[in-house]
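Have a look at the structure that comes next, please.
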Amino acid sequence: MRVGILTGGGDCPGLNAVLRAAVLAGTQRYGMTFTGFRDGWRGVLERDAVPLDEASVRPLLAVGGTVLGSSRTNPLADGVAEGVARVRASLEALGVEGLLAVGGEDTLGVATALHEAGVPVVGAPKTIDNDLSATDATFGFETAVQTAVEACDRLVTTGASHHRAMVVEVMGRHAGWIALHTGIAAGAHVTLLPEVPVDLDAVAATVAAALARGDAPLVVVSEGARVLGEDAVRDLPRDAFGHVQLGGAGEQVERELKARVLGLSTRLTVLGHLLRGGTPSAADRVLATRMGLSAVAALARGDVGTMAALRGTDVVQVPLADATGVLRTVPEARWAETSDVVW
Ligand code: F6P
């Protein structure tokens with residue numbers, strides 16, 4: 001069987017580890033051959049493809065990004081029927097009999113529509129945001145949190161030297177998982193998520209109290225936090241999946257804190273794409289590898305329309321539609337676990 005692989009949407013650490021595991025196991029266990037599509041669905045539409053073999057993927061385990069490239073091209077943007085027909089024609093022309101789509105809500109949403117139209121496709125879930133339903137975790141998330149925590153640990157020491165409040169903005173478009181875990185692991189005094197309304201007076205009081213007892217306040221802000229009651233938007237034009245570019249939540253927090261806490265010195269650090277780059281953590285290498293293995297095994301046995309998912313400690317295949325129907329946001333109970341303690 002010839003399998004086509006693509007990586008779509010925002011990249012994350014671990015994508016190359018999936019490619020490596022899928023190609024090595026697919027070749028050795030099932031006699032598959034592999035075609036890599038460049039830049040996600042763009043490569044499928046434009047038939048921009050490269051052969052992937054064991055030698056080409058073997059060195060990729062620890063390499064950040066994706067050697068295939070990625071894009072936010074939406075093949076269904078001009079209509080589902082037309083998009084499906086173009087994808088099908090490309091696959092047929094290249095002799096691809098099964099597709100492995102590695103992506104987040106958008107890429108897997110397209111994969112779901114293709115499956116419903118009869119295209120043999122399986123998925124593997126990636127995103128630093130960790131916001132996909134049907135899996136307990138996505139690879140990339142753990143590495144992103146580790147990077148953010150390391151940055152916070154450094155920021156806190158310089159903040160302490162200068163008696164400053166350090167405001168740190170992290171990614172997480174609609175879900176606050178990165179901010180929540182970073183806040184807990186870095187010992188933040190305040191953590192602001194998209195899921196929880198922001199009470200700026202309470203934030204200011206917490207910061208002032210931390211300063212008063214000699215701490216350097218650490219404020220972790222998700223880019224999706226609604227600091228002034230709505231999304232902070234950097235760039236309005238929407239991408240092919242309808243997303244605006246977020247940005248500015250951290251600036252808003254800094255400004256509002258200064259207006260409320262007399263004489264407050266603050267510094268803002270926007271971690272942004274730092275969280276997406278670099279080598280995957282050991283845990284993400286393991287998860288990505290297991291997901292790549294599960295996905296090709298599913299293709300081999302014809303279990304299409306499914307996605308590799310972590311359930312407890314097992315990696316299993318679940319229906320693609322379950323992954324993309326509802327975004328997995330931070331539930332109230334997870335927030336309540338830590339939010340009322342003075343850290
Ligand atoms: O969805 C993953 C993500 O990293 C979000 O956290 C962030 O808002 C977005 O992608 C940024 O995407 P871009 O690569 O277009 O800047």
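Net charge near VAL316, counting Lys/Arg +1 and Asp/Glu -1 over other residues with Cβ under 15 Å of its Cβ?
Net local charge, VAL316 excluded: -1.
Under 8 Å for C-alpha pairs, at least 6 residues apart: give me the relative contact order for the chain, rounded to a whole percent.
Taking the mean separation of contacting Cα pairs over the length of the chain, I get 22 percent.
OK, next. Multiplying the sequence separation of VAL326 and ALA212 by 0.36 nm and subtracting their Cα-Cα distance, what value in nm do you get?
Length difference between fully extended and current span is 36.8 nm.
Report for the chain the percent antiparallel among DSSP-assigned beta bridges with both residues inside it, nearest 5.
Here the antiparallel bridges make up roughly 30 percent for the chain.
So for region 143-276, averaging the separation of alpha carbon pairs under 8 Å that are six or more residues apart and normalising by length, what relative contact order in percent results?
Relative contact order of region 143-276: 32 percent.
Treat every Asp and Glu Cβ in region 143-276 as -1 and every Lys and Arg Cβ as +1, leave all other atoms uncharged, and give the resulting dipole magnitude about the Cα centre to the nearest 20 debye.
Approximately 260 debye in magnitude.
What are the ³J(HN,Hα) values, in whole Hz, obtained from phi via the Karplus relation 6.51 cos²θ - 1.76 cosθ + 1.60 with θ = phi - 60°, for each residue of region 160-168 in sequence order, with x given for Gly and Pro?
Each residue of region 160-168 in turn: 5, 4, 10, 6, 10, 8, 9, 9, 10 Hz.
Order the peptides 8-17, 314-323 from the highest to the lowest mean number of other Cβ atoms within 10 Å of their residues.
8-17, 314-323
Evaluate the charge dipole of the chain about its Cα centre and quote only its size in Debye, nearest 20, assuming +1 on the Cβ of each Lys and Arg and -1 on the Cβ of each Asp and Glu.
700
If you rank SER294, SER222 by fewest surrounding Cβ atoms within 10 Å, what's the result?
Lowest to highest Cβ neighbour count: SER294, SER222.
If you don't mind, another one. In region 143-276, what percentage of the DSSP-assigned beta bridges are antiparallel, given to the nearest 5?
15
Say a paramagnetic label sat at a point 7 Å from the Cα of ALA117, along Cα to Cβ; which residues of region 57-72 have their backbone N under 18 Å from it?
In region 57-72, the label zone of ALA117 (backbone N under 18 Å from the point 7 Å along Cα→Cβ) covers 72.
Would you please give the FRET efficiency between ALA62 and ASP201, computed as 1/(1 + (r/R0)^6) with r the Cβ-Cβ distance and R0 = 30 Å, to the nearest 0.05?
With R0 = 30 Å, the Cβ-Cβ based efficiency is 0.05.
List the residues of region 13-39 whose backbone N lies under 19 Å from a point placed 7 Å from the Cα of GLU97 along the Cα-to-Cβ direction.
22-37
Determine the sum of side-chain charges near ASP53: Lys and Arg each +1, Asp and Glu each -1, restricted to other residues whose C-beta is under 14 angstrom from that of ASP53.
Taking every other residue near ASP53 into account, the sum is +2.
Starting from the 7 Å offset along Cα-to-Cβ, what nm value, one decimal, do you get for the label separation of ARG260 and GLU150?
Calculated label separation equals 3.3 nm.
GNM, the chain, Cα, under 10 Å: largest mean-square fluctuation among PRO125, PRO237, PRO194?
In the Gaussian network model the winner is PRO237.
Give me the net charge for the shell around ALA202: Cβ to Cβ below 12 angstrom, other residues only, Lys and Arg +1, Asp and Glu -1.
Summing Lys and Arg as +1 and Asp and Glu as -1 gives -3.
If you place +1 on the Cβ of every Lys and Arg, -1 on the Cβ of every Asp and Glu, and leave all else neutral, what size is the dipole of region 195-343 about its Cα centre, to the nearest 20 Debye?
Its charge dipole is roughly 440 debye.
If the chain between ARG238 and ALA336 were fully stretched, how many nm would it gain, using 0.36 nm times the residue separation less the Cα-Cα distance?
31.9 nm is the gain from fully extending ARG238 to ALA336.
Using a 7 Å offset from Cα along Cα-Cβ at TRP343, what residues in region 186-223 end up with backbone N under 13 Å from the label point?
Counting only backbone N, you get 186-193, 217-222.
Every number here is computed from the coordinates shown, using simple stated rules; none is lab data. What you see is a predicted model, and the numbers here were worked out from it, not measured in a lab. Don't worry about glycine lacking a Cβ; one is built from the backbone with ideal geometry, like all the others, and counts go over all protein chains shown.
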